[in-house]
1. What's the ranking of 329-336, 119-126 by average number of surrounding C-beta atoms within 10 Å, highest first?
2. Taking only protein heavy atoms into account and a 1.4 Å probe, give the accessible area per residue of the stretch 5-63 in Å².
3. Could you give the length gained by full extension between Gln248 and Ala20, i.e. 0.36 nm per residue of separation minus their alpha carbon distance, to one decimal place?
4. Between Ser53, Ser132, Ser75, find the one with the highest GNM mean-square fluctuation for the chain; connect C-alpha pairs within less than 10 Å.
5. Taking 30 Å as the cut-off for C-alpha to C-alpha distance, list the pairs among Lys52/Lys81; Lys249/Lys341; Lys81/Lys301 that go past it.
6. Given a Förster radius of 22 Å and the C-beta distance between Asp297 and Asp332 as r, what FRET efficiency does 1/(1 + (r/R0)^6) yield to the nearest 0.05?
7. Working with all protein chains in place, sort Thr76, Thr94 by solvent-accessible area computed with a 1.4 Å probe, largest first.
8. Quick check on the chain: of the DSSP beta bridges with both residues there, what percent are antiparallel, nearest 5%?
Amino acid sequence: MNTPVNLLDFDVDGLVAWFAGLGEKPFRARQVMRWMHHEGCDDFDAMTDVAKSLRARLKDIAVIRPPVPVRDSVSTDGTRKWLLDVGNANAVETVFIPETSRGTLCVSSQAGCALDCAFCSTGKQGFNRNLSAAEIIGQLWLANKLLGAARETAADLEAGDKDNGRIISNVVMMGMGEPLANFDNVVTALRLMLDDHAYGLSRRRVTVSTSGIVPAMDRLRDECPVALAVSLHASNDALRDRLVPINQKYPLRELMAACQRYLERAPRDFVTFEYVMLDGVNDSDAHAHELVALVRDVPCKFNLIPFNPFPNSGFLRSGAERIRRFAGILIDAGIVTTTRKTRGDDVDAACGQLAGQVQDKTRRTMVRLKQSTEIR
Ligand code: SAH
Ligand code: SF4
């Protein structure tokens, strides 16, 4: 028998096309789409308004299969973390961060990462593989279901209310991996996040975080503009070449120009720059002044991330006072600047504490992943 098609791999257009191949009308595809994503349904038999013959056919050739959660931890502050098995001893993590006015889901895009940023343990572990669209959107599918939010999504969308205090109101592609290095699958998942037949989130509430793959930033702007966060982490090329090696290919001047181009079509009128605070490396007053000059022509906000150390990282976290001073210089220059606070650290879900256990193919060791998950 042929391997069944996982319907979570399709965005709406993709499913319409696949249904057309079966001789089925577009409205049938949209119907199934809503069952899957609004209702969190993975059982064709439960899709009561879909013709019985079609349900039987789908059961033969298709599945609705999200990744399998192998651990589910809840922090005392409500932060919830799922470890998802994605096969071949690879696992990725998804984190839900509840706040008073919103709930943010932090989603992974790759098992591992090839970009090897100096302070990132995902990078240290190397690249395992891209997640499929089903594995990416499957994280939202699962969280929506496990948080009991699927019904609510359906009700809000029916009422035409996209922004009404949903349990998961925001999604950030800030888990494991570089989303723009897995462009097609990430964009398919983003389209589902935005589509009213699926999750119906507004573009402003979906954020892609990138280390700065310039051509892919342009493609994202053209194909699926959502809110953008850029991992800057350095104020000049010499330092960024070392901390974020992709800078050697796309240096700061090109990155700033790409940010400006992005803003022409972005749903928000600023870029968020993420900046990890590394003691004695990128956190001096001089660095802060250099940053102010660097971003002069890019409407932006800064999000300072206190470094979360991991064994043999070779870096230390900047002190609280240093971070305050650094932030003060940016704020005095008129740049909105926030500092991430730690959430969920009792379940290792805080910024830089994600601990997806992933078998490293080259070293065959279990590696602790350090990821930033706390979003401002
Ligand atoms: N690959 C993408 C998105 C995932 S990483 C990117 O680099 O933007 C999400 C954020 O966590 C990035 O800004 C990343 O630089 C930061 N980060 C990685 N390791 C960290 C650590 N140990 N402590 C604090 N932040 C870290
Ligand atoms: Fe990859 Fe982002 Fe980590 Fe850099 S910071 S290695 S791009 S996941």
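1. On the way: 329-336: 14.8, 119-126: 23.5.
Packing order, densest peptide first, comes out as 119-126, 329-336.
2. So the stretch 5-63 comes to 46 Å² accessible per residue, rounded to a whole number.
3. 77.5 nm
4. Evaluated over the chain, the most mobile residue of the options is Ser53.
5. The answer is Lys52/Lys81; Lys249/Lys341.
6. Working: r = 19 Å, r/R0 = 0.85.
Once rounded, the FRET efficiency stands at 0.75.
7. Details: Thr76 135, Thr94 0 Å².
The most accessible residue leads, giving Thr76, Thr94.
8. About 45 percent, rounded to the nearest 5.
The values are calculated or read from the model by the stated rules, or taken from the named source; none is laboratory data. Owing to the predicted nature of the structure, the values given are computational and were not obtained by experimental measurement. Glycine gets a Cβ as well: all are built from the backbone with ideal geometry, and neighbour counts include every protein chain shown. Areas reflect the complete protein model, heavy atoms only, side chains present, ligands, DNA and RNA absent. Shrake-Rupley method; radii C 1.70, N 1.55, O 1.52, S 1.80 Å.
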